[in-house]
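Undergrad: Just dropping this structure here.
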Amino acid sequence: MKKKCLLLALASISSLSMLSAFATNNMSAASSSQSAFSAPFTVKDLVNLNKLGSPTLSPDGSKLVYSIKKINKDGVAQSNLYLQNLTANEDGENVGHEVIQLTSSSSTEYNATFSIDGKAVYFLANRTGLDQLYRLSLAGGEAMPVTDLPLGIEGFKLSPDGKQVLFIMRVVPECDTLMCSKDKFDAEKNRKSTGRVYDQLMVRHWDTWYDHARSHLFIAELNDAIINDAIDITKGLDTETPPKPFSGLEEATFTPDSQYVVYSAKAPSHTQAWTTNYDLWKVPIKGGEAVNLTEKNKAWDSHPVFSSDGRYLAYLAMKQPGFEADRNRIMLRDMVTGQEKEVAPLWDRSPHSVQFGSDDKTLYVTAQDLGQVSLFEVNTQFGDVRAIYNEGYNNIVGITANNIVFTHKSLVQPSDLFSINLDAQNLQQLTQVNQKKLAKIQFGEFEQFSFKGWNNETVYGYWIKPVNYQQGDRYPIAFLVHGGPQGSFGNNFSRRWNAQLWAGAGYGVVMIDFHGSTGYGQAFTDSITQDWGGKPLEDLQKGLNAVVKQQPWLDKNRACALGGSYGGYMMNWIEGNWPDGFKCLVNHAGLFDMRSMYYVTEERWFPEYEFGGTYNDNKALYEKFNPVNYLDNWKTPMLVIHGEKDFRVPYDQGLAAFGFLQRKGIPSELLIYPDENHWILNPHNLEQWYANVLGWLDRWTKK
């Protein structure tokens, strides 16, 4: 065992050293190339960026297809498909060729995948009022409809033999036909009364009131005929399949013989709102009784994937029931013997995704790691883990015998496609979907730093210089606090909280991954549970003190703190427990009263795990870290922002904070969005959001 750990450490050090050198050179080159320009990055730049979507690699690894969503001259978003041929040069690296636009429809084309023979592309498009499946031959011609279903398709996947297609569609569970569901949806739209009746939780989730419909999995045969019906292989299941609102068909897979589907879902029960017991179920493609493959594990099982020969099933599994941020363990089941084991049990990271390599013995996974989302190779026999790429946020698109194709983004780069050899050499950028739009943009220089936080343990963070940085000057601070709370503000280019927008507005940006953040080992993540206002606050205080000493251009006396969700909770907590820390605060979707919050949020398992039970079970802990109990100390000016469709943190939490601030005479403003959920998604709203937030910071730091 010591030998394995040493090999892992040496491999990681070697790989990380190479990647660190690449990152340093890349950052220097970016800084040098941008120094001649003076245009800072603004929210208008952000919302008008082209967006890379649904990249897919052909079966032989020679082609890529992806969508690019662009904003046209009328301000309307339009998504089309593009083809890029790839060839490997003598060094084994992928080389991208000229990009060919495949579609030019006014509808949105997305979710593309190659046919099994690689001669055509299947994709979803809304050309008739509903999202349906289309097929486009790469030999030429127009895209032809594959389906004409009465309901819209939410996602699809082809079987390994290319003869079946798996759909996600939203239906009424008690209906036997798709037309029955359509008729019930139509009747619901046309009924005169407006009341809804429920007899169990959840009655609403994320941003939607339940309409008694569920997402189900359907199978249909692929042939020359138009598909107008499909088999519901999850028929009668009164739970979401795949889980909502963030999961898709990464939670379902065909067996390699194309005869079964394995998917992740909860068993139907009245406990949906307070359990995380997702299991893996196996069902025949013709429908029938589903077999629970992971019944013994009462925690979250997800992301099933088979080796090409069908011998092994790999999947991710948590061990702690009720906990959504437990470490995902890689599990491997021998489908012949039934034996199962955890792969790399000593590896203290939590994978996001898992895929088999061509040898069926190696797994390629992504996992958060010290402020990055990195690519790793995992040996299923011995559990050795080797870092392949450890800079920025990355997601695997496809794996060939020699290369990994993946999406990559960082604090200075929106998402693009890259390729790297399996031996972690020959990193190649394959696309530049925003090259023209970013040609005159200057990003702020950034660097990761560390300090001694709670219990003298090492804590990491990032700082970003303002784009107008001049040696010797001092700059106000935008102190960003991430949500989750088991989350991270890492080396990522975000479409919502984009740190470069504050740098572009003349602020030094500071982001700290306090105790409870992900990517630093499970013990570090677990440490926030039942201590929401303890270790994290101490880390934020020590981190701010440390970074202003390390970077004297940061002006601590002109600092404002900002956060959403748990970050918004922390703004309310700072008001009562660090009232002299900042000139102003921005609280987006923050928790104000933990008692009322427990009773109105939808995923009840979350507060019950974080605070050791229901509110009645553990009132003392809920009240210990309840911001409403420290109102006497509030005095810092605060901007409060909330969406009325936020059912995770209902908007009365924001109204309550604003109401108290107003009644006490503390300078405050409220920005409320009737059409937004926990996030701000509408581009026009996002522009307004940043205008108000930056205006608020300017008011208190740039006098």
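Undergrad: Does region 653-665 hold any residues that are open to solvent by less than 10 Å² (accessible area, probe 1.4 Å) and of a type outside the set (Gly, Ala, Ser), and which are they? Spell out the reasoning first.
TA: Of the residues in region 653-665, the ones open to solvent by less than 10 Å² (accessible area, probe 1.4 Å) are 653-654, 657, 661.
Within region 653-665, Gln653, Leu661 meet the criteria.
Condition check ((1) closer than 20 Å to Ser517 by Cα; (2) of a type outside the set (Val, Ile, Thr)) across all residues:
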{"residue": "Leu332", "(1), (2)": "no, yes"}
{"residue": "Val336", "(1), (2)": "no, no"}
{"residue": "Gln339", "(1), (2)": "no, yes"}
{"residue": "Ser353", "(1), (2)": "yes, yes"}
{"residue": "Ala367", "(1), (2)": "yes, yes"}
{"residue": "Gly383", "(1), (2)": "no, yes"}
{"residue": "Tyr389", "(1), (2)": "no, yes"}
{"residue": "Tyr393", "(1), (2)": "yes, yes"}
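Undergrad: Let me ask something additional. Is it the case that region 683-697 has a residue that's more than 28 Å from the chain's Cα centre (by Cα), assigned to a helix (DSSP H, G or I) and within 22 Å of Tyr598 (Cβ to Cβ)?
TA: No, that holds for no residue.
Undergrad: Moving on to the next point. Would you be able to say whether some residue in region 589-602 is hydrophobic (A, V, I, L, M, F, W, C), modelled with pLDDT of 95 or more and within 21 Å of Phe489 (Cβ to Cβ)? Walk me through it before giving the result.
TA: Taking region 589-602 and keeping what is hydrophobic (A, V, I, L, M, F, W, C), we get 589, 591-592, 594, 597, 600.
Still in the running and modelled with pLDDT of 95 or more: 589, 591-592, 594, 597, 600.
Narrowing the set further to residues that are within 21 Å of Phe489 (Cβ to Cβ) leaves 589, 591.
There is at least one residue in region 589-602 that is hydrophobic (A, V, I, L, M, F, W, C), modelled with pLDDT of 95 or more and within 21 Å of Phe489 (Cβ to Cβ).
Undergrad: If I go through region 580-591 residue by residue, how many of them are in contact with a strand residue (DSSP E or B) (Cβ under 9 Å, 6 or more places away or on another chain) and buried (at least 24 other Cβ atoms within 10 Å of the Cβ)? Lay out the reasoning, then the answer.
TA: Here is the first cut: in region 580-591, the residues in contact with a strand residue (DSSP E or B) (Cβ under 9 Å, 6 or more places away or on another chain) are 581-590.
Add one more test, that the residue is buried (at least 24 other Cβ atoms within 10 Å of the Cβ), and what stays is 582, 585-590.
Of the residues in that region, 7 qualify.
Undergrad: Looking at region 658-670 only, could you name the residues that are within 17 Å of Trp696 (Cα to Cα), part of a helix (DSSP H, G or I) and hydrophobic (A, V, I, L, M, F, W, C)?
TA: Across region 658-670, the qualifying residues are Phe658, Leu661.
Undergrad: List the residue pairs whose Cβ atoms are under 9 Å apart, where the first residue sits in region 677-691 and is within 17 Å of Ala77 (Cα to Cα), the second is surrounded by fewer than 17 Cβ atoms within 10 Å (Cβ to Cβ) and hydrophobic (A, V, I, L, M, F, W, C), and the two are 6 or more positions apart or on different chains.
TA: Pro683/Ile71; Pro683/Ala77
Undergrad: Check off (1) within 22 Å of Gly563 (Cα to Cα); (2) at pLDDT below 95 for Asn468 and give me the number that stays unchecked.
TA: Failed condition: (1).
Undergrad: Starting from residues that are at pLDDT below 95 and open to solvent by 70 Å² or more (accessible area, probe 1.4 Å), keep the ones in region 212-238 and report whichever is nearest to the chain's Cα centre (by Cα).
TA: His212
Undergrad: Sticking with this one: Quick one: Thr241 ticks every box in (1) touching a Leu at 6+ places or on another chain (Cβ under 7 Å); (2) at pLDDT 95 or above except a single one, so which number is it?
TA: (2)
Undergrad: Residue by residue through region 502-531, note down the ones that are touching a Gly at 6+ places or on another chain (Cβ under 8 Å) and within 30 Å of Gly695 (Cβ to Cβ).
TA: Hits for region 502-531 are Ala503, Gly504, Val509, Val510, Met511, Ile512, Asp513, Phe514, Ser517.
Undergrad: Among the residues of region 37-52, write down those that are part of a loop (DSSP other than H, G, I, E, B) and either in contact with an Asp or Glu (Cβ under 6 Å, 6 or more places away or on another chain) or open to solvent by 40 Å² or more (accessible area, probe 1.4 Å) (or both).
TA: Within region 37-52, Phe37, Ser38, Thr42, Asn48 qualify.
Undergrad: Could you please find all residues in region 539-572 being open to solvent by less than 10 Å² (accessible area, probe 1.4 Å) and assigned to a helix (DSSP H, G or I)?
TA: Applying the first criterion (open to solvent by less than 10 Å² (accessible area, probe 1.4 Å)) to region 539-572 yields 539-540, 543-544, 547, 554, 559-563, 566-572.
Within region 539-572, Asp539, Leu540, Gly543, Leu544, Val547, Tyr566, Gly567, Gly568, Tyr569, Met570, Met571, Asn572 meet the criteria.
Undergrad: So which pairs qualify, if the first residue must be in region 537-555 and under 24 Å from Gly516 (Cα atoms), the second must be open to solvent by less than 60 Å² (accessible area, probe 1.4 Å) and part of a helix (DSSP H, G or I), the Cβ gap must be under 9 Å, and the two must be at least 6 apart or on different chains?
TA: So the pair list comes out as Leu537/Met570; Leu537/Trp573; Leu537/Ile574; Leu537/Asn577; Leu540/Met570; Leu540/Ile574.
Undergrad: Could you please find all residues in region 349-384 being polar (S, T, N, Q), in contact with a Lys or Arg (Cβ under 9 Å, 6 or more places away or on another chain) and open to solvent by 20 Å² or more (accessible area, probe 1.4 Å)? Walk me through how you get there before you give the answer.
TA: Narrowing region 349-384 to residues polar (S, T, N, Q): 350, 353, 355, 358, 362, 366, 368, 372, 374, 379-381.
Remaining after also requiring in contact with a Lys or Arg (Cβ under 9 Å, 6 or more places away or on another chain): 350, 368, 374, 379-381.
Correct list: Ser350, Gln368, Asn379, Gln381.
Undergrad: Going through region 497-538 one residue at a time, which ones are among the hydroxyl-bearing types (Ser, Thr, Tyr) and part of a helix (DSSP H, G or I)? Lay out the reasoning, then the answer.
TA: In the first step, residues of region 497-538 are kept if they are among the hydroxyl-bearing types (Ser, Thr, Tyr); the result is 507, 517-518, 520, 525, 527, 529.
If the condition is that a residue be among the hydroxyl-bearing types (Ser, Thr, Tyr) and part of a helix (DSSP H, G or I), then Thr525 is the only one that fits.
Undergrad: Can you find a residue in region 429-445 that is under 30 Å from Glu610 (Cβ atoms) and open to solvent by 30 Å² or more (accessible area, probe 1.4 Å)? Working first, answer last.
TA: So the first thing to find is which residues in region 429-445 are under 30 Å from Glu610 (Cβ atoms), and the list is none.
Within region 429-445 (the criterion being under 30 Å from Glu610 (Cβ atoms) and open to solvent by 30 Å² or more (accessible area, probe 1.4 Å)), the answer is no, since none of the residues qualifies.
Undergrad: Among the candidates Pro59, Pro55, which residue alone is open to solvent by 60 Å² or more (accessible area, probe 1.4 Å), out of contact with any helix residue (DSSP H, G or I) (no Cβ under 9 Å at 6 or more places or on another chain), modelled with pLDDT of 95 or more and more than 27 Å from Gly504 (Cβ to Cβ)?
TA: Working: Pro55 fails: open to solvent by 60 Å² or more (accessible area, probe 1.4 Å).
Selected residue: Pro59, the only one of Pro59, Pro55 that is open to solvent by 60 Å² or more (accessible area, probe 1.4 Å), out of contact with any helix residue (DSSP H, G or I) (no Cβ under 9 Å at 6 or more places or on another chain), modelled with pLDDT of 95 or more and more than 27 Å from Gly504 (Cβ to Cβ).
Undergrad: If Leu178 meets every condition in (1) modelled with pLDDT of 95 or more; (2) open to solvent by 40 Å² or more (accessible area, probe 1.4 Å); (3) more than 27 Å from the chain's Cα centre (by Cα) apart from one, which number is that one?
TA: So the condition that Leu178 fails would be (2).
Undergrad: Still on this structure: Hey, does region 385-393 have a residue that's outside any strand (DSSP E or B), of a type in the set (A, V, I, L, M) and crowded, with 18+ Cβ neighbours inside 10 Å? Steps first, answer last, please.
TA: The first filter runs over region 385-393 and keeps only residues outside any strand (DSSP E or B), leaving 390-392.
Narrowing the set further to residues that are of a type in the set (A, V, I, L, M) leaves none.
Taking every residue of region 385-393 in turn, none turns out to be outside any strand (DSSP E or B), of a type in the set (A, V, I, L, M) and crowded, with 18+ Cβ neighbours inside 10 Å.
Undergrad: Counting residues that are open to solvent by 40 Å² or more (accessible area, probe 1.4 Å), which strands (runs of 3 or more DSSP E) fully inside region 305-348 reach at least 2? Give the steps one after another, and end with the answer.
TA: Values: elements: 312-317, 329-334, 340-343.
Once the strands (runs of 3 or more DSSP E) in region 305-348 are filtered for at least 2 residues that are open to solvent by 40 Å² or more (accessible area, probe 1.4 Å), what remains is 340-343.
Undergrad: Can you name the number of the only condition in (1) part of a strand (DSSP E or B); (2) touching a Leu at 6+ places or on another chain (Cβ under 6 Å); (3) at pLDDT 80 or above; (4) open to solvent by less than 60 Å² (accessible area, probe 1.4 Å) that Ile100 fails?
TA: The single condition Ile100 does not satisfy is (4).
Undergrad: Identify, please: which residue in region 119-137 is part of a loop (DSSP other than H, G, I, E, B) and either under 16 Å from Ile219 (Cα atoms) or at pLDDT 95 or above (or both) and is, among those, least open to solvent (accessible area, probe 1.4 Å)?
TA: Here is the first cut: in region 119-137, the ones part of a loop (DSSP other than H, G, I, E, B) are 119, 127-130.
Those left that are additionally either under 16 Å from Ile219 (Cα atoms) or at pLDDT 95 or above (or both): 119, 130.
Details: Lys119: 136, Leu130: 65 Å².
Within region 119-137, the match that is least open to solvent (accessible area, probe 1.4 Å) is Leu130.
Undergrad: Enumerate the pairs (first residue in region 561-588 and closer than 20 Å to Trp497 by Cα; second residue anywhere and of a type in the set (D, E, K, R) and open to solvent by 10 Å² or more (accessible area, probe 1.4 Å)) with beta-carbon separation below 8 Å, excluding pairs fewer than 6 apart on the same chain, so at least 6 apart or on different chains.
TA: Filtered contacts from region 561-588: Ser565/Arg648; Cys584/Arg699.
Undergrad: Can I ask one more? Tally the residues that are of a type in the set (A, V, I, L, M, F, W, C), within 21 Å of Ala478 (Cα to Cα) and surrounded by 24 or more Cβ atoms within 10 Å (Cβ to Cβ), restricting the search to region 507-537.
TA: Going residue by residue through region 507-537, those that are of a type in the set (A, V, I, L, M, F, W, C) are 509-512, 514, 523-524, 528, 532, 537.
Subsequent filtering for residues that are within 21 Å of Ala478 (Cα to Cα) retains 509-512, 514, 537.
Filter once more, so that each one left must be surrounded by 24 or more Cβ atoms within 10 Å (Cβ to Cβ): 509-512, 514.
The number of residues fulfilling the criteria is 5.
Undergrad: Could you check region 600-652 and list, in sequence order, the residues that are surrounded by fewer than 21 Cβ atoms within 10 Å (Cβ to Cβ), of a type in the set (D, E, K, R) and assigned to a helix (DSSP H, G or I)?
TA: Glu608, Lys619, Glu623, Lys624, Asp632, Asp652
Undergrad: Another one. Is there any pair with a first residue in region 257-282 that is closer than 20 Å to Glu221 by Cβ and without any contact (Cβ under 8 Å) to a residue 24 or more places away in the chain and a second that is basic (Lys, Arg) and assigned to a strand (DSSP E or B) whose Cβ atoms are under 7 Å apart and which are 6 or more apart or on different chains, and what are they?
TA: Going by the 7 Å Cβ cut-off, there are no qualifying pairs.
Undergrad: A further question on this structure: Just checking, how many residues over region 470-479 are open to solvent by 30 Å² or more (accessible area, probe 1.4 Å) and touching a strand residue (DSSP E or B) at 6+ places or on another chain (Cβ under 7 Å)? Steps first, answer last, please.
TA: Residues of region 470-479 that are open to solvent by 30 Å² or more (accessible area, probe 1.4 Å), as a first pass: 470-474.
Among the residues that remain, those that are also touching a strand residue (DSSP E or B) at 6+ places or on another chain (Cβ under 7 Å) are: 474.
The qualifying residues number 1.
The values are calculated or read from the model by the stated rules, or taken from the named source; none is laboratory data. In this text, all values refer to a predicted model and were calculated from it rather than measured experimentally. Cβ: placed from backbone, ideal geometry, glycine included. Neighbour counts: every protein chain shown. Accessible surface is based on the protein model in full, side chains and every heavy atom, while ligands, DNA and RNA are left aside. Shrake-Rupley method; radii C 1.70, N 1.55, O 1.52, S 1.80 Å.
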